[in-house]
Amino acid sequence: MEEQVPGSVPPEFPAPQKMSAEQIEMLKSIARERAIAQTFAEQQTQPQRLVSPPPSLQPPAPVMQPRIIYVKRNLTVAEVLLALLLACGVVTGVQALWGLGSRILPQVEIRVK
């Protein structure tokens, strides 16, 4: 039974060859020429309008949306040190205000006349 089913042999692809700058430029120019020819052929097949519609009937021009690109990166040493100093400063400030409040507030006396 095994003899009836031929084994599948994966195709072997040749190793990629290094291309010179001239070959790359030649391929780019060929691709550019093909794109121009394709665009020209598409324009020939579309019906030509003799009269353009009035400006009130023309669709509005598309609004270009700004592209927002997020880049994820590691923090630098300076940014880590700055965050550490800010955290220490905030903790020290809160402790100082708490200590001041706990010393002064009990000394405040309210007198009723």
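I'd like the full set of residues that are surrounded by fewer than 10 Cβ atoms within 10 Å (Cβ to Cβ) and over 44 Å from the mean Cα position of the chain (by Cα), limited to region 65-113. Show your work before the answer.
Residues of region 65-113 surrounded by fewer than 10 Cβ atoms within 10 Å (Cβ to Cβ): 65-74, 76-78, 102-113.
Matches in region 65-113: Ser102, Arg103, Ile104, Leu105, Pro106, Gln107, Val108, Glu109, Ile110, Arg111, Val112, Lys113.
The number of residues in region 29-49 that are modelled with pLDDT of 90 or more and of a type in the set (Val, Ile, Thr) comes to 2.
The values are calculated or read from the model by the stated rules, or taken from the named source; none is laboratory data. Computed from a predicted model, the values in this text were never measured in an experiment. Neighbour counts run over all protein chains shown; Cβ positions are idealised from the backbone, glycine included.
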